[in-house]
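Engineer: Below is the structure I would like to discuss, written out as C-alpha cells.
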Amino acid sequence: MLGLNKTDTKFLLIVIFLTLATPILLQPFAENSGLAQFNAGYPDLMQRFAIYGIFAIGFNLLFGLTGYLSFGHAAFLGVGSYSAVWMLKLLSMNVLPGILLAMVVSGLFALVIGFISLRRSGIYFSILTLAFAQMSFNLAYSVLTPLTNGETGLQLSLTDPRILDAANTSGSLPVTNLFGAAMSESYKLEFLNRVFTFNVGYYFCAILAIIAFYISLRIFRSPFGLMLRAVKSNQQRMNYTGLAARPYTLAAFVISGMYAGLAGGLLASMDPLAGAERMQWTASGEVVIMTILGGAGTLMGPVLGAGFIKYLENIFSKINEHVLHGWFSWLPDGLQDLVVWIAARFTGEGWHLTLGLMFMLVVIFLPGGLMEGGQRIGKLFRRGREDVPDDGTGNRPKPAPHVAE
Amino acid sequence: MSNANFTRRGLLKSSAVAGAGLAMPTIFTGAAWSFTNEPTAGTVTLGFNVPQTGPYADEGMDELRAYQLAVEHLNGEGDGGMLSTFSSKALDGAGILGNKVAFVTGDTQTKSDAARASAKSMIEKDGAIMISGGSSSGVAVAVQGLCQEAGIIFMAGLTHSNDTTGKDKKANGFRHFFNAYMSGAALAPVLEKAYGKDRKAYHLTADYTWGWTQQESIQKATEAIGWQTVNNVMTPLASTDFSSYITPVLQSGADVLILNHYGGNMVNSLTQAVQFGLRDKMVNGKQFEIVVPLYSELMAKGAGKNIEGVFGSTNWSWKLQDEGTKAFVKSFGTKYGFPPSNAAQTCYAQTLLYADAVSRAKSFNPCAVVEALQGDSSSLPGIDSAANKGFLFDGLGNGQTLYRAADHQCFKDVLVMKGKENPENEYDALEIVEVTPVKQVWYEPDNPMFAGGNLGECNPGA
Amino acid sequence: MMDAILLQILNGLDKGSAYALIALGLTLIFGTLGVVNFAHGALFMIGAFCAVTLQRILSLSFDVIDPTQTDFLGNPKKIHTTYLESWLGPDIGNAILDWSVPLAIIFAIPVMILIGFAMERGLIRHFYKRPHADQILVTFGLAIVLQEIVKYFYGANPIPTPAPSAFRGSFDFGAIFGFDPNVIIYPYWRMVYFGFAAVIIAAVFAFLRFTTFGMVVRAGMADRETVGLLGIDIDKRFTLMFGLAAAVAGIAGVMYTPINSPNYHMGMDFLVLSFVVVVVGGMGSLPGAVAAGFLLGILESFASMNEIKSIIPGIDQIIIYLIAIVILLTRPRGLMGRKGVMEE
C-alpha cells in the first residue's frame, strides 16, 4: 500500500491507529482519582505531542540519517511560527496559508543556512548552525521587535487587516480555523467516568503528523535515504566513488528545516503567538535531546522522545506539594511529610531534576534510547513464542533497505 | 487534607454523582456551559502560574506562598490575613460564593510559550476559572492574551511594563502592580530633592520591551525636572558582563547612571558599576550617583552592599505600617518565618480582589466579574479626571486604591525606596524614603506611553 | 576616541581572559579527550558556589536572644554572631570573611579535582567510545542534576560575593599615560582576574609542555593505543586530566564571583559561549582556545561601543556568532584546529 511493503504498511497502520486514538489512550485514569493528575488527554498537550513529534521526525531525517548534528534547528521552528502568525494577522484566520508560508520561508531559510553551514562537518557544522540560530534569537528578541514583537511574542490584535476575512465587529479576536472548523472546537465524550476530549486542532495536527511520518518512512526506505546513510557511514569513500555528498545533505537539511517550519506553523495555528524563545539554543537543544532520547535513526524514537519530554514538562511541573499531600494523606503524619518532601524534589519546581535524571538513566542503561527499551520489552514478550523475525515495529533502519517502488 | 481539593473538571463532579461509570456515553459540546469552566459541586479552581525554574524561580516561590495563604484565608483557615482589613466585606471566609477554593500550579519558566502552555493546561485539564501570576511582562502580556481568548479572568502578578495595561490591555485582564510610568513619576521628585535639577543622566537599558518602556518613562520624568539625558545604551538581555557598557559612562560627562535593568541583569550591572568605582567619583563638581528605577526585595538581596544609598521604587513594602500590611505580614511571617516580598503582596491582593469581585457580582461569569472589578464609578479623592472611575477599595496594604475601569490598572501610592546602609538582615536591604501619593503618579488612559491598545469586550468563553 | 579604544581593549582583555579560562578547561576535555562535555558550564558554576559555600561556612553563626529588641513579628529578636567573630574577635574574623573569595580558591581546588575524578570514573569513562550524541545527552542530564542540587541548597537568586575590600574601587590608568583623570579607570579586581587567568593559562601550558605527565597525555591524545601498548596506564592519566580540567573550570568560577554574582543557572549561560570559543579556536588546540577567547572578548568589547552600535544597531547582540561564522568559513578548522578531530 502507498508504495510500502507489507511490514511497513502494518507499521504505518499501527502509527495511524495510535495517533487517532490518542485522546482515549492518554486518558487512562478515572477522573476524581488521585492518578488523574497523570492524564494527558487535553487538547493543548496532545497538539504539542503531535507538533513536536513532527519537529523531531524532521530533525531525525537530518541527524539520524546523515549524522550531521544541527544545533540550530529551533531557528526554523521560530521562523515558521512568525510567518504563520503574520499570515493570520494579514490574510485570514484560516490556518492553511500560514502553514504553507511557514514551510516555504523556513525552507528558504534552511537553504541559505544549510548552504553555508554544510561547507563544514562535525562539530564545526554544529557550531555554525548554532551561531545562525542564536543570531536569529538575539535579533528577534531585540532589534527586530517591529517584526517579532520581541519579548512578548507576536500576537494577533483586533486591528489586524485580515484582508480575506469578513470584517470583525464582535470586539473579540477571531479563532484560528480550517475552512470554518475552529481549531479550538472540542467534543467531549464521557464514558466510564473518564472524559475524552476530541479536539479539531489535535486531529488536524495528527493528520499532518501522520503524513509527515509517512514521508519520513518513504525517505528512510528510498535510494535517497540510502545515499544519506552513506554520507554518515563514510563520506570519504562516497567522494572517491565520484558522488558529491553535499547536494544530498543539503536536500536533507532543507527537508528537515521544512518539517521544523511546519511544526512552527502548527504551533502558531493552535495558539496564535510566536515567541522568540522558540529560537533559543535551549529549544534547539531540546529537539536534539528528544531525538537522542527516543533513539536517533529510528523512525518512532524521536516521536517518543518528544512525547516524553513534553509530558514531563507539562504534567510533572504541575504536581505541587499540595497535590502530593492529597495522594499520601493515608500515611501517618510524620511519614507523610517525609514522603511528600522526597517526592516534591522531583515534581513541581523540581521537575527539572526528574528530567536530568531521566536523560542520564536512559542513555546509561538504554544506549539506543527509548526505542531500545521498547525493543527489549518486545523481546521479552516474544521469547515464549518461536523466533519471530523483526516485523518492522522494531524500526531501527534495516541494514539493506529495499527500493521502495 | 481532603481529596476534594484536587478535583478536576467541574463537569464530572456533577455527573459522576449521578451515575459513575454509566455505560451510555454522553456527548457534551461547548454549548453545555454558559461560560468556560463554570464551577460545580462546591469547588472553584484557581490557576497560579509562576516561574518555578530559571532565574526568577525564587520570586515565583514567594508568589506561590502568597497564593497559598490567600487560598487558606478565603477558605476560612489561618488568621484571615487582610480579609479583616479589606474595605469590601463581601468575603466571609467560606470560600467564594460558598465554593471551596482549590488551586493548581504551573511553571511559566519565564517564557511566553511555556507560560501559555501551562495556562492552557490549567484551563483545559484542571478547569481553572481564573489565572494569576507571572514574574515578567512578556509572560503577563502573553498569558493575558490567552485568557482573553479562552474566556478566563487574568489577574496579573508581577508585571511592570506600561504595555500590560497600555498597548496590550485586555478586557479580561487586571493589574494590581504598578508600572514603569508610575516608577518614573514617583522617583523624579525624590531625585530632584536629593540630587538637584542640574544633572546629566546616562541610561543603560535592557534591550527588550520592558526595558524600553521603563527607560522612556524615567527619561520623560527626569527631563521634566530639568535633567539632561546624555545617552541611552541598549544592553543585550543575555549580558552578564557589563564592563564595556559601563566604561564609556564617565567619559560621557554624565553624573548619574540609570540602570533600566531587572533581575540578574540589574544585580550584575549594579555590582559592576560599583566595582568600577563610579559612585566614588566626582563629576561636574557633583557626586556621581546610580539609580535603579524598579527594585525588588530579592534583587536587592542579590546585589548585597552595592545598593546602599541607591534610589528605586517598589509597589509595596512589608515595612509599611497600615493595618492591611500589618495583618498580611503577620500571617505570612508566622507561616513562613520571613517577611513577604512586594511580588507576594500583589499576588495575594489580586487573589482577594478576584474573590471579592465574584462575591459582589454573585457570579463566576467572567463578564460579571469584569463588571464588578470595574466598579460603581467611585473615584479617588483629589483627582480631577473623567477617567477617575472604577472600583475603590482600601485595606490591602497600599492605602486607598482605585481599579480604574478604563484600563484595568490599579492606582495607588507608590513607594520610593533606598538601599539601606548597614541592614540588620537580608530582608532589611531596602528602606522607605517616601510614599508618593497616588495623585502624583496619575495619568490619563490616553497618555502616549499607553496608547494604541483597546480593552475589547469581555469574553466569557464557551 | 583614543581613550575609548584603550578602554575597550582593557575590557576585551578582561572578558577574553574569562572566556579563555573557561575554554581552556573545556578544551582539555572536549578538544583532547574527545568528550562533548555539556556539564562544563556546571563545573564552572560549582566552582563559583565553592566561593559561596566558603562564605557561608565562615559566616556560620549562633543566635543570642535579645529581649530588649523585637523582630518584624514582634517576637524577641535573635542577634546573629558569627563563630569566627566570637573566637578571633571582630577584627580578624571580619578580615577573614572579607577575603573569602580568594580563600575559596584553596577550598575549591581539592573539591573540584574530586568532583572531576568522580565524574570521570563514575560516568564519563564509560562514554569515551559512545557516539557524541550520547555524550551530549548524559552530560546535559548531569548538568541539570547538578544545577538542581545547587538550586535546592542556595535558591535561584543571585548571591552577593564581594571581592576583598582592598580590591574594591578602580585604578586610574589615564593619569599615568597623560589622559584626564577619571577617563581610563579600571577596577582592581578585574586586573587581578586578568593576572590570575594569565598565570593559570601559563601554568597549564607549562604543565603539559614540560612535565613527563604532560608528555604522556599529549602522546595519549595523539595515539592512545600505542601509548597503552608501551605499558603506560593512560586511563589513569586521563582521569587526572579530567580532574585538572574541572579544577581550572572551578577556580575560573571562584574568581569570577565578584564580577558576576553566582546563581544556579550561570553555567548554562556560559555553556554555549564556551563551546563557541573552543570550536573557533580549533578542536584539539589549547593555544587556539586561548587565542579565540581573547579575540572574541576584544571584538565583543569593540562591538558594544556606542560609536559602532549607532552604525549597526544590535551588533553587540550577535558579534560573537558573526565572528564564529566568518572564522569557520575562512579557516575550516578554526584558528588552530587539528585535522580529523571531531570532524566526522
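The values are calculated or read from the model by the stated rules, or taken from the named source; none is laboratory data. The structure presented is a predicted model; accordingly, all values stated were derived computationally and were not measured. When we count neighbours, we look across all protein chains shown, and the Cβ atoms used for this are built from the backbone with ideal geometry, even at glycine.
Engineer: With the requirement that a residue be touching a residue at least 40 places away in the same chain (Cβ under 8 Å) and crowded, with 18+ Cβ neighbours inside 10 Å, what does the stretch B:187-206 give you?
Structural biologist: B:187, B:190, B:191, B:195, B:199, B:201, B:202, B:203, B:204, B:205, B:206
Engineer: Exactly one of (1) more than 14 Å from every other protein chain (Cβ to nearest Cβ); (2) surrounded by 24 or more Cβ atoms within 10 Å (Cβ to Cβ) is unmet by residue B:161. Its number?
Structural biologist: (1)
Engineer: Can you name the number of the only condition in (1) surrounded by fewer than 18 Cβ atoms within 10 Å (Cβ to Cβ); (2) farther than 30 Å from residue C:28 by Cα; (3) of a type outside the set (Asp, Glu) that residue C:199 fails?
Structural biologist: (2)
Engineer: Pick from the stretch A:1-29 the residues that are part of a loop (DSSP other than H, G, I, E, B) and modelled with pLDDT of 85 or more: which of them is farthest from the other protein chains (Cβ to nearest Cβ)?
Structural biologist: That would be A:5.
Engineer: Quick one: residue B:281 ticks every box in (1) touching a residue at least 24 places away in the same chain (Cβ under 8 Å); (2) touching a Gly at 6+ places or on another chain (Cβ under 6 Å); (3) within 10 Å of another protein chain (Cβ to nearest Cβ) bar one, so which box is it?
Structural biologist: (2)
Engineer: What helices (runs of 4 or more DSSP H) lie completely within the stretch C:245-344 and have 3 or more residues being in contact (Cβ under 8 Å) with a residue 60 or more places away in the chain and within 9 Å of chain A (Cβ to nearest Cβ)?
Structural biologist: Qualifying helices (runs of 4 or more DSSP H): C:266-281.
Engineer: Condition first: assigned to a helix (DSSP H, G or I) and either hydrophobic (A, V, I, L, M, F, W, C) or within 12 Å of chain A (Cβ to nearest Cβ) (or both). Now tell me which residues in the stretch C:110-124 satisfy that.
Structural biologist: Result: C:111, C:112, C:113, C:114, C:115, C:117, C:118, C:119, C:122, C:124.
Engineer: Take residue B:214 and tell me if it is outside any strand (DSSP E or B), within 18 Å of the chain's Cα centre (by Cα) and within 20 Å of residue B:246 (Cβ to Cβ).
Structural biologist: It is true that residue B:214 is outside any strand (DSSP E or B), within 18 Å of the chain's Cα centre (by Cα) and within 20 Å of residue B:246 (Cβ to Cβ).
Engineer: Here is a further query. Among the residues of the stretch A:350-363, how many are facing another protein chain (nearest Cβ under 7 Å) and more than 18 Å from residue C:268 (Cα to Cα)?
Structural biologist: 1
Engineer: Can you find even one residue in the stretch C:151-160 that is in a helix (DSSP H, G or I), more than 9 Å from chain B (Cβ to nearest Cβ), without any contact (Cβ under 8 Å) to a residue 24 or more places away in the chain and closer than 26 Å to residue B:62 by Cα?
Structural biologist: yes
Engineer: With the condition being without any contact (Cβ under 8 Å) to a residue 60 or more places away in the chain, I'd like the helices (runs of 4 or more DSSP H) fully within the stretch A:67-182 carrying at least 3 qualifying residues.
Structural biologist: Hits in the stretch A:67-182: A:95-117, A:122-141.
Engineer: Only one of B:79, B:92, B:113 is of a type outside the set (Gly, Ala, Ser), under 30 Å from residue A:355 (Cα atoms) and either away from chain C (no Cβ under 13 Å) or in contact (Cβ under 8 Å) with a residue 12 or more places away in the chain (or both); which?
Structural biologist: That would be B:113, the only listed residue that is of a type outside the set (Gly, Ala, Ser), under 30 Å from residue A:355 (Cα atoms) and either away from chain C (no Cβ under 13 Å) or in contact (Cβ under 8 Å) with a residue 12 or more places away in the chain (or both).
Engineer: Only one of B:394, B:384, B:407, B:413 is acidic (Asp, Glu) and over 21 Å from the mean Cα position of the chain (by Cα); which?
Structural biologist: B:384
Engineer: Something else about it: Go over the candidates A:169, A:159, A:145 one by one and state the one that is closer than 22 Å to residue B:159 by Cβ and either modelled with pLDDT of 90 or more or of a type in the set (Ser, Thr, Tyr) (or both).
Structural biologist: A:145
Engineer: Looking at (1) farther than 24 Å from residue C:194 by Cα; (2) surrounded by 19 or more Cβ atoms within 10 Å (Cβ to Cβ); (3) not small (Gly, Ala, Ser), find the lone condition where residue C:298 falls short.
Structural biologist: (1)
Engineer: So, one more: Name every residue in the stretch A:114-129 that is facing chain C (nearest Cβ under 7 Å) and buried (at least 20 other Cβ atoms within 10 Å of the Cβ), in order of residue number.
Structural biologist: A:120, A:121, A:123, A:124, A:127, A:128
Engineer: Those residues that are at positive phi and polar (S, T, N, Q), I need them from the stretch B:36-63; list them, please.
Structural biologist: B:37
Engineer: Name every residue in the stretch B:225-256 that is within 8 Å of chain C (Cβ to nearest Cβ) and out of contact with any Phe, Trp or Tyr (no Cβ under 7 Å at 6 or more places or on another chain), in order of residue number.
Structural biologist: Passing the criteria: B:234, B:236, B:238, B:240, B:241, B:243, B:244, B:245, B:247, B:248, B:250, B:251.
Engineer: List the helices (runs of 4 or more DSSP H) inside the stretch A:296-372, counting only whole elements, that have at least 2 residues being within 28 Å of residue A:259 (Cα to Cα).
Structural biologist: Output list reads A:301-315, A:351-365.
Engineer: Sticking with this one: Can you pull out the residues in the stretch B:131-154 that are crowded, with 24+ Cβ neighbours inside 10 Å and part of a loop (DSSP other than H, G, I, E, B)?
Structural biologist: Within the stretch B:131-154, B:134, B:135, B:136, B:152 qualify.
Engineer: What's the total number of residues in the stretch A:30-65 that are under 30 Å from residue A:230 (Cα atoms) and facing chain B (nearest Cβ under 10 Å)?
Structural biologist: Matching residues across the stretch A:30-65 total 0.
Engineer: Right, another one. Can you confirm whether the stretch A:278-286 contains a residue that is assigned to a helix (DSSP H, G or I), among the aliphatic types (A, V, I, L, M) and modelled with pLDDT of 95 or more?
Structural biologist: No, the stretch A:278-286 has no match at all.
Engineer: Any idea which residue in the stretch C:174-233 is modelled with the lowest pLDDT, counting only those that are under 30 Å from residue C:340 (Cβ atoms) and hydroxyl-bearing (Ser, Thr, Tyr)?
Structural biologist: C:226
Engineer: Next question. From the list C:103, C:142, exactly one residue is buried (at least 18 other Cβ atoms within 10 Å of the Cβ), facing another protein chain (nearest Cβ under 10 Å) and under 20 Å from the mean Cα position of the chain (by Cα). Which is it?
Structural biologist: Answer to the selection: C:142.
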